[in-house]
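The values are calculated or read from the model by the stated rules, or taken from the named source; none is laboratory data. These numbers were taken from a predicted model, which means no experiment stands behind them. Virtual Cβ from ideal backbone geometry, glycine too; neighbours counted across all protein chains shown.
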Amino acid sequence: MRVNNLALALIALVLGGGVLGVASTFPSPRHQAFGPALFPSLIGLALVGCGVVLAVQWWLADREAPLLSLAPWMRSPATALNVAMLLAIPVFYIFAVDRLGFVPTAFICLWLMLVRYHGRPVLSLFGAAAAAAILQFVFADILLVPLPWGLLQPLAW
Amino acid sequence: METILLALELLFRVDVMIVILASAMFGLFMGAIPGLTATMATALLVPVTFFMDPVPAVAAIVTSSAMAIFAGDIPGTLLRIPGTPGSAAYVDDAYCLTQSGRAELCLGVNLCFSALGGLAGALVLLFAAPALARVVIRFGTFEYFWLAMLGLTCAAFISSSSLTKGTFSLLIGLLASCVGIGATTGLPRFTFGQIELMGGINFVPAMIGAFALSELIRTVSGGGAVNPANLKPIGNLFSGIARTFAQHWRQFLRGSTVGTVIGILPGAGSTLAAWVAYALAKQTSRKPDLYGKGSLEGIVASTSANNAAVSGAWVPALVFGIPGDAVTAIAIGVLFIKGLNPGPTIFINNPEVIDAVLISFLLANLLLIPLGFMFIKVARHVLRVPSGVLSPFILILSILGAFAINNTLFDVGVMLLAGVIAYFMEENGIPIAPAILGLLLGTTVEENFMTSAIKADGNLLAFFERPIAGTLGVLTIALWLSPLVIWLARRRSQARLRADG
């Protein structure tokens, strides 16, 4: 997704203005001239400055460019679904891993992606199951990362 | 001498050697697969390094990045698809050589000159870093503030063709570094009541998202397809290398020097080093017409440069704690986790560890020749692994890597958000490197700025009173003003041309 310099300028201005607004609510220390708002305020001011320069650049050289142009993949349902799945998988993982456990969650994530990106559902089934078990062993048993067992708690090794 | 012996003892242990060999194979694999970069390899290594001692942890990063930068040349030569951005500068020359039946010579040159370039950079690091550290040890908060500002300014100015976009990226990183409990005041900022944000935005998940997830988005959206049709077995790689060295040793020296110097500049990594070395070689060549059509000297210069830059980037990372590129930015995070605060004191407090790290550079580049040779022999099989099989595993490893740093799912969300933002930024010509450096160095800049301002009791001139601080300050401000000066000079010369008629 491409945007022109005017859109980037608006983002910088809104971000900079927001930072200045939030920073102004930070309390000032009693016996000190410089408080927690100083550094963020300088960043906010610089962001506003950046926004102004980007707006000038748009005015001088970028006025023909559309405000927003979609990437080619966004127009194709197949590739859009590829990207949507890639972004949905971490969200699914966040909500599912504590309930289902790492192995079932990783298995579901891997299988769905392998089928979508590579095909071969039956072969992917074995690949996803083996990979989930290996990852559980490497990360939980060797590297001692506390991965939840969830539904598979009775089978925990 | 005693320190060096201790360093050798730390490095030449069976477990460390196994780590180095494993990370070498990992780096070669990651570099050879188009779409997977040296930075992504390093980001994915981080969760594994948590559980290692400092020396194997850093040696793993050093080895995998050196291997990955070289391995990027393999698909570039065989398929005209650079495995890493660092190999893009000379991909046309390399592929032309393959088409004319000289793939072995090209891969041999890539392998040998990558190793030689890396060794040249490592030697500079070995001698320059400790010498610089002896000077830097005298620095106070004023000097550190200006040094960090100079590094960040260079990163913003160099990493993109648009200065405004580079600065925008840097400001996003600096803003992200403000989230959490304030550095000097202890008050929460931009946390919006979220307990997870009190500790700030963790660098590792943000880094994994910015470099791994954003690349995966590009791959699954159709940008990273590989079609390794008709790859032939590779013959003798080393025939003709001695003659190439005799003919093009000047380009090798120039490429290694350019690579090391560019590597030292914050934000300018091996990709820029390869492009600059290539352009410089073309400018000074007797056969500039051959460039882009199979010029061996162009390949010699730029393949030496990108590996030299890998070592060069560690000079500011170790001496100042300011990363030279994205890989060293991650490595600094690892050093902090290991309790080794990068900066001049690391050379005093942990000399044996630093010596072991420096020696690991030489070792990694020496190992590049046998391991790279073996890898080239099997490369045509590795290149057949479809991206549709790799992407799911990389995503799961990214999720695990983001989770493992603090064992919190919040960091998986940070990784996801950072990936989407980084993808949007790169699509719009906004470089990621300055944002990452801003996130990493933001706290250092603010801490040193606030401490200096309190010391000076608000007198801003005090920032210029000490000689080194003053010089660095003037240099930084001159850099800030340089675009305005250049713009004014250009306008004046245009006006003069118009007046002349």
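Within the stretch B:69-88, the residues that satisfy the criterion of being crowded, with 24+ Cβ neighbours inside 10 Å and within 19 Å of B:S311 (Cα to Cα) are B:I69, B:F70, B:A71, B:G72, B:D73, B:T84, B:G86, B:S87.
The lone criterion from (1) surrounded by 19 or more Cβ atoms within 10 Å (Cβ to Cβ); (2) touching a residue at least 12 places away in the same chain (Cβ under 8 Å); (3) over 25 Å from the mean Cα position of the chain (by Cα) left unmet by A:F39 is number (2).
Residues are listed down the side, and each one gets a yes or a no for (1) away from chain A (no Cβ under 14 Å); (2) of a type outside the set (S, T, N, Q):
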residue	(1), (2)
B:G419	no, yes
B:F424	no, yes
B:G429	no, yes
B:I436	yes, yes
B:V445	no, yes
B:D457	no, yes
B:R466	yes, yes
B:S493	yes, no
B:R496	yes, yes
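So, in the stretch B:410-429, of the ones that are in contact with a Ser or Thr (Cβ under 9 Å, 6 or more places away or on another chain) and among the small types (G, A, S), which residue ends up nearest to B:Q194 (Cα to Cα)? Here the residue is B:A418.
Kindly provide the set of residues from the stretch B:455-481 that are assigned to a helix (DSSP H, G or I) and either without any contact (Cβ under 8 Å) to a residue 12 or more places away in the chain or acidic (D, E) (or both), ordered by number.
Within the stretch B:455-481, B:L460, B:L461, B:F464, B:P467, B:G470, B:T471, B:V474, B:I477, B:A478, B:L481 meet the criteria.
For the stretch A:1-38, a tally of residues being of a type in the set (V, I, T) and either in the same structural domain as A:T79 (by TED's automatic domain parsing) or over 29 Å from B:G458 (Cα atoms) (or both) returns 3. In the stretch A:1-109, counting only helices (runs of 4 or more DSSP H) that sit wholly within it, the ones holding 2 or more residues that are within 30 Å of A:S124 (Cβ to Cβ) span A:72-75, A:77-100.
Being in contact with a Cys (Cβ under 9 Å, 6 or more places away or on another chain), closer than 26 Å to B:L45 by Cβ and within 8 Å of chain B (Cβ to nearest Cβ) is true of A:P90. Just one residue in the set B:V445, B:V412 is aliphatic (A, V, I, L, M), assigned to a helix (DSSP H, G or I) and farther than 17 Å from B:F320 by Cβ; that residue is B:V412.
Scanning the stretch B:177-192 for residues that are outside any helix (DSSP H, G or I), facing chain A (nearest Cβ under 7 Å) and at pLDDT 90 or above yields B:R189, B:F190.
Within the stretch B:128-174, which residues are part of a loop (DSSP other than H, G, I, E, B) and within 13 Å of another protein chain (Cβ to nearest Cβ)? Across the stretch B:128-174, the qualifying residues are B:S160, B:S161, B:S162.
On the stretch given as the stretch A:62-109, residues that are surrounded by 14 or more Cβ atoms within 10 Å (Cβ to Cβ) and modelled with pLDDT under 90 total 4. Taking first residues from the stretch B:401-417 that are at the interface with chain A (Cβ under 10 Å from one of its Cβ atoms) and under 14 Å from B:S214 (Cα atoms) and partners that are of a type in the set (V, I, T) and in a loop (DSSP other than H, G, I, E, B), no Cβ contact under 6 Å between residues at least 6 apart in sequence or on separate chains turns up.
Given the criteria assigned to a loop (DSSP other than H, G, I, E, B), at pLDDT below 85 and not aromatic (F, W, Y), does B:P75 qualify?
Working: assigned to a loop (DSSP other than H, G, I, E, B): no; at pLDDT below 85: yes; not aromatic (F, W, Y): yes.
No.
Restricting B:G321, B:G339 to those that are away from chain A (no Cβ under 14 Å), among the small types (G, A, S) and surrounded by fewer than 20 Cβ atoms within 10 Å (Cβ to Cβ) reduces the list to B:G339. Just give me the residues in the stretch A:110-137 being more than 9 Å from chain B (Cβ to nearest Cβ) and either in contact with an Asp or Glu (Cβ under 8 Å, 6 or more places away or on another chain) or surrounded by fewer than 18 Cβ atoms within 10 Å (Cβ to Cβ) (or both), in sequence order. Residues satisfying the conditions are A:R120, A:P121, A:V122, A:L123, A:L125, A:F126, A:A129, A:A130, A:A133, A:I134, A:F137.
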